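Shown next, in structure tokens, is the structure this report addresses.
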Amino acid sequence: MFVIFGAAGNVGRASAAALRQAGCSVRAVVRQAGQAEPLVRLGCEIAVADLGDPVTVARALDGAQAVQMLCPVPRSGSQPAQAMRHMIGVAAGALLMNPPPRVVALSDYGAELRGGTGITELFHELESRLAPLGTRLCLLRSAEHMHNWARVMPVALATGVLPSLHDPLSKRFPCVAAQDVGRLAAELLSGAFDSTACAGPPVVSVEGPERVSALDVARVLGDVSGREMVARAVPRGEWAAMLGQAGLSGQHVRLICDLYDAHNAGRIDVEPDVGQCRRGKTTLAQAFAAIVPRVTAAMSLQ
């Protein structure tokens, strides 16, 4: 049984679909039963579990041959870091108590760094807590997800100006489509990572076919949406107010600001000379071609 935590999300759903297409038995773990229908249609068994609840997590892991573990940063609540650390502790405790043969943990570029990276620092903690699994564990570190730009698309499509925390606008950075991360995770879960040459958990990094800049993102969004689009670097002093207006707590705002400070300082990238780096096939234009119609439809309902 392949157990996929976060199966209702973009990455988890892609992993579940790839495994089912390969004929594997999949238990899709969701937080709410209402998220299950698309996964049921794929032929998945459904488990409802809360990563903050050790009992439901242990139940979801029962009989697992391979586990894909995701501990997301909570978007609601005033203490997202504490909430994620609790989820990490619950997940690590359950996996270490009854280790399955194979675990793929979804992590971030830069997770090898101990501090000063905001959200990514939490993935460093995830990797550290799961490290005792040794070669049963594969760390899948992904670049920034292309679908993250959907958060600012309503503003960009309404105004023709794409706000960016990447600065300078010409700086090229790695990004990747969520479905490519999910498909690679499924491949790794199926036995494609080699742990024999590693003293500890193997590391696989994944990014898209090419690196892009904020200028590229604005150009592609303009091409896909059919409207003029320019990129604007949001001044550092305006970050907190902009993120706060999006409904994020003060702590969440600090995590994002610290992350993009690290990005802009060049600290977030593939860890040099560690593991292997894989390339997804989905281009930014292909990812946006799927995202923009959904964003446009949602805007029309407001």
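Of the residues Ala17, Ala150, Ala105, the one that moves most in a GNM of the chain with alpha-carbon contacts below 10 Å is Ala150.
Taking the helices alone, the chain has a mean residue ellipticity at 222 nm of -12500 deg cm²/dmol, built from -39,500 (n - 2.57) per DSSP H run of at least 4 residues and averaged over all its residues.
Shape analysis of the range 32-95 places it in the oblate category; the axes a ≥ b ≥ c from the Cα gyration tensor give an a/c of at least 1.5, with a/b not above b/c.
A DSSP coil position with no more than 13 other Cβ atoms inside 10 Å describes the following GluC sites (Glu not before Pro) in the range 164-263: Glu210, Glu228. Residues of the range 197-233 with the amide nitrogen closer than 16 Å to a label point 7 Å from the Cα of Gln276, along Cα-to-Cβ, please. Backbone N within reach: 197-199, 201-207.
Binning all Cα-Cα separations of the range 221-268 at 10 Å, short to long from zero, yields these whole-percent fractions: 23, 38, 32, 8. Taking amide H as placed 1.01 Å from N in the peptide plane, Cys175 has its amide H under 5 Å from the amide H of Gly208, Val212, each at least 5 places away in sequence or on another chain. Would you mind classifying the range 252-302 by shape? Square roots of the alpha carbon gyration tensor eigenvalues, ordered a ≥ b ≥ c; an a/c under 1.5 is rounded, otherwise it is prolate if a/b is larger than b/c and oblate if not. In terms of gyration-tensor shape, oblate.
Legend: calculated FRET efficiency, Ser78 to Asp53, from the Cβ-Cβ distance at R0 = 25 Å, rounded to 0.05, equals 0.75. The modelled label-to-label distance for the pair Ser25/Val40, using points 7 Å beyond Cα in the direction of Cβ, is 2.0 nm. Taking label points 7 Å from Cα along the Cα-to-Cβ direction, Ala265 and Ala285 give a separation of 3.7 nm. The distance between label points at Val155 and Ser128 comes to 3.3 nm (points 7 Å beyond Cα on the Cα→Cβ vector). For the peptides 276-285, 108-117, residues were scored by their other Cβ atoms within 10 Å and the scores averaged per peptide; the highest-first order is 108-117, 276-285.
Farthest toward the positive end of the dipole of the chain, out of Pro154, Cys277, Leu301, is the Cα of Leu301, where the dipole comes from beta carbon charges about the Cα centre.
Under a 5 Å amide H cut-off, with hydrogens placed 1.01 Å from N, Cys138 pairs with Val103, Val104, Ala105 among residues at least 5 apart or on other chains.
If you take the square roots of the eigenvalues of the alpha-carbon gyration tensor of the range 183-262 and sort them as a ≥ b ≥ c, do you get rounded (a/c under 1.5), prolate (a/b over b/c) or oblate? Judged from the Cα gyration tensor, the range 183-262 comes out oblate (a/c at least 1.5, b/c at or above a/b). Between Ser170 and Glu238, the C-beta separation translates, for a Förster distance of 22 Å, into a calculated FRET efficiency of about 0.65.
Phi-derived couplings, Karplus 6.51 cos²θ - 1.76 cosθ + 1.60 at θ = phi - 60°, listed residue by residue for the range 28-45: 8, 9, 10, 7, 10, 4, x, 8, 7, 3, x, 6, 4, 4, 6, x, 7, 6 Hz, with x used for Gly and Pro. What the phi angles of the range 163-179 give under the Karplus curve with 6.51, -1.76 and 1.60, with θ = phi - 60°, is a coupling list of x, 9, 8, 6, 8, x, 5, 7, 5, 8, 9, x, 8, 8, 7, 4, 5 Hz, glycine and proline written as x. For the range 142-154, the Karplus equation 6.51 cos²θ - 1.76 cosθ + 1.60, evaluated at θ = phi - 60°, returns couplings of 10, 6, 3, 7, 4, 6, 4, 5, 4, 5, 9, 4, x Hz by residue, with Gly and Pro reported as x.
The mean accessible area for residues of the chain, using a 1.4 Å probe and ignoring ligands and nucleic acids, is 45 Å² per residue.
The values are calculated or read from the model by the stated rules, or taken from the named source; none is laboratory data. In this text, all values refer to a predicted model and were calculated from it rather than measured experimentally. As a convention, Cβ positions derive from the backbone with ideal geometry for all residues, glycine included, and neighbour counts pool all protein chains shown. Heads up: the accessible areas ignore ligands, DNA and RNA and are worked out on the full protein's heavy atoms, side chains in. Shrake-Rupley method; radii C 1.70, N 1.55, O 1.52, S 1.80 Å.
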